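Undergrad: Below: one structure in structure tokens.
The values are calculated or read from the model by the stated rules, or taken from the named source; none is laboratory data. Quick caveat: nothing in here was measured; it's all calculated off a predicted structure. Backbone-built Cβ (ideal geometry, glycine too); neighbour counts: all protein chains shown.
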2 protein chains.
Amino acid sequence: MFASLGRSNSLAKFVVPQARVTISEYSYGRGAEIFGENEPADYVYEVAAGAVRSYKLLSDGRRQIGAFHLVGDVFGLENAVVHRFTAEAIVNTKVHLVRRESLELIAQEDVVVVRDLLNMTTNNLQHAEDHMLLLGRKTALERVAAFLLEMDRRLTKAGFFALPMSRRDIADYLGLTIETVSRELHHLHDRGILGFLSSNQRQIVLLDRDRLAELDL
Amino acid sequence: MFASLGRSNSLAKFVVPQARVTISEYSYGRGAEIFGENEPADYVYEVAAGAVRSYKLLSDGRRQIGAFHLVGDVFGLENAVVHRFTAEAIVNTKVHLVRRESLELIAQEDVVVVRDLLNMTTNNLQHAEDHMLLLGRKTALERVAAFLLEMDRRLTKAGFFALPMSRRDIADYLGLTIETVSRELHHLHDRGILGFLSSNQRQIVLLDRDRLAELDL
DNA sequence: CGGGGGCTTGAGGCCACTCAACGATAGTGG
DNA sequence: CCACTATCGTTGAGTGGCCTCAAGCCCCCG
């Protein structure tokens, strides 16, 4: 089964006996560019600590964030010569990286490795497909609700989570403006579905998943 | 190079010596469902004649078409147990199909076949990524212009092309309403960028690609 | 303490949507 | 062959959801 493989999309799995794949480490400061759209895709990355945004720009500056990469996520895996997104560190971020070239060398003979690449790409595709539905057909409230549920699923550790990204990032991910995101968040807050912690409202606690799920049509 | 393989995404390439892969043929009438979302993905398809739409639905009927599949396109390749879209014939359509199971059998030992699957999935991912930018950040006029350029690229044979899909399909692909699509098309027509043929305006001729490309930011 | 960036909140505007009417086309049955 | 009908597409009028513009607050950080 293609899809029955584990979901541990770690670079470590590519360290197989027959080849020497070196995993390097690197750190990026808040806002630093990791790679740019259309630049040569020489490396494949994994978030070791922090968070990363991948986006495309239009000529007049409009931005669409295609995905957020959190701890454990692999990104920059384009299966192509150039990157199709720009990737930036959202906060101070540490990544592991391997040369794409060495991955390809293994991939030429090892079916399992190619299968892993296929699985990762399929997961990315599935996320993009769901996001097309969100961007094309959901209301502002539904988008924000879906975003919160996604983040809840991906980074909740103890019943609450802190969003690493700014309102601008959220807006550019959801195809909205920062004002609309702010209004919808506070709308949910007023309805008691969402609780903020600390006056700095990047911290969120006590998210009522069930009531929120009703809004994510 | 992963991406240096040819773009001939035909099912025929999977008919390799060591395995018996049977390619069947089937026809669907206009509007017929080929497979449904969340149904078992038992087959992989290729459009032999006609056109197909793949879409997701929200509970209240809002629809987002993720892709149109034209002659030569492979679709239903989910690398998963179930389909993530519903697929319907837009017009009378003939497809070739192979059992997913037999593809997987080959894929277990043949690196080249898995590589082909990876390439197809990567192409789908790239299309989805571009479409996210369109749905999240482009204006109605830009969306329609991008749609026309895509169709021009994919189905122009002799300087003109006929759209197989309805205004509703186009609208649900672009995240717009049928009225807006109609208005923007006529807007382009009035500006001389687009010419219709025959009173039935599903036929389009003489598309000024250069002037249209300026609108596709 | 002063400056700046991020977030919120309000007022007003606009782009795309909704609602509606009508025309054109294709398919159906007499 | 021609009504009859359903569907699709166009077009206009009006609405509304989200955007734009702007002001002010809060927090961080020098």
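Undergrad: Here is a list of conditions, (1) aliphatic (A, V, I, L, M); (2) over 17 Å from the mean Cα position of the chain (by Cα); (3) closer than 30 Å to residue A:156 by Cα, and residue A:71 meets all of them except one; can you say which number that is?
TA: Every listed condition holds for residue A:71 apart from (2).
Undergrad: Could you say which residue among B:188, B:217, B:134, B:141 is under 16 Å from the mean Cα position of the chain (by Cα), within 16 Å of DNA strand C (Cβ to nearest atom) and more than 24 Å from residue B:89 (Cα to Cα)?
TA: B:134
Undergrad: Scan the range B:74-109 residue by residue and report those that are within 19 Å of the chain's Cα centre (by Cα), within 11 Å of another protein chain (Cβ to nearest Cβ) and either of a type in the set (Lys, Arg) or more than 25 Å from residue A:111 (Cβ to Cβ) (or both).
TA: B:84, B:85
Undergrad: If I go through the range B:144-164 residue by residue, how many of them are within 14 Å of the chain's Cα centre (by Cα) and not aliphatic (A, V, I, L, M)?
TA: 6
Undergrad: crowded, with 18+ Cβ neighbours inside 10 Å, in a helix (DSSP H, G or I) and not hydrophobic (A, V, I, L, M, F, W, C): which single residue out of B:179, B:129 fits that description?
TA: Going through B:179, B:129 in turn, just one is crowded, with 18+ Cβ neighbours inside 10 Å, in a helix (DSSP H, G or I) and not hydrophobic (A, V, I, L, M, F, W, C): B:129.
Undergrad: So for the range B:90-109 (the condition being within 22 Å of residue B:29 (Cα to Cα), of a type in the set (A, V, I, L, M, F, W, C) and touching a Lys or Arg at 6+ places or on another chain (Cβ under 9 Å)), does at least one residue qualify?
TA: Checked against the condition, which is being within 22 Å of residue B:29 (Cα to Cα), of a type in the set (A, V, I, L, M, F, W, C) and touching a Lys or Arg at 6+ places or on another chain (Cβ under 9 Å), the range B:90-109 yields at least one hit.
Undergrad: Under 7 Å between Cβ atoms, which residue pairs at least 6 apart in sequence (or on different chains) link something in the range B:186-198 that is in contact (Cβ under 8 Å) with a residue 40 or more places away in the chain with a partner that is of a type in the set (Asp, Glu)?
TA: Cβ pairs passing all conditions: none.
Undergrad: So, in the range A:43-59, of the ones that are closer than 18 Å to residue A:12 by Cα and in contact with a Lys or Arg (Cβ under 7 Å, 6 or more places away or on another chain), which residue ends up nearest to the other protein chains (Cβ to nearest Cβ)?
TA: My answer is A:44.
Undergrad: Taking the range A:73-90 on its own, how many of its residues are surrounded by fewer than 20 Cβ atoms within 10 Å (Cβ to Cβ) and modelled with pLDDT under 95?
TA: Number of matching residues: 2.
Undergrad: Let me ask another. So, in the range A:34-63, how many residues would count as being in contact (Cβ under 8 Å) with a residue 40 or more places away in the chain and either outside any strand (DSSP E or B) or crowded, with 16+ Cβ neighbours inside 10 Å (or both)?
TA: 20
Undergrad: Looking at the range B:149-170 only, could you name the residues that are of a type in the set (A, V, I, L, M, F, W, C) and within 16 Å of DNA strand C (Cβ to nearest atom)?
TA: Residues satisfying the conditions are B:162, B:163, B:165, B:170.
For (1) under 13 Å from residue A:208 (Cα atoms); (2) away from DNA strand D (no atom under 12 Å from the Cβ); (3) within 14 Å of chain B (Cβ to nearest Cβ), each residue gets a yes or a no:
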residue	(1), (2), (3)
A:154	no, yes, no
A:160	yes, yes, no
A:164	no, yes, no
A:168	no, no, yes
A:177	no, no, yes
A:181	no, no, yes
A:184	no, no, no
A:190	yes, yes, no
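Undergrad: Looking only at the range A:132-152, filter to residues that are more than 9 Å from chain B (Cβ to nearest Cβ) and surrounded by fewer than 21 Cβ atoms within 10 Å (Cβ to Cβ); which one of those is farthest from DNA strand D (Cβ to nearest atom)?
TA: Ranking the candidates gives A:152 first.
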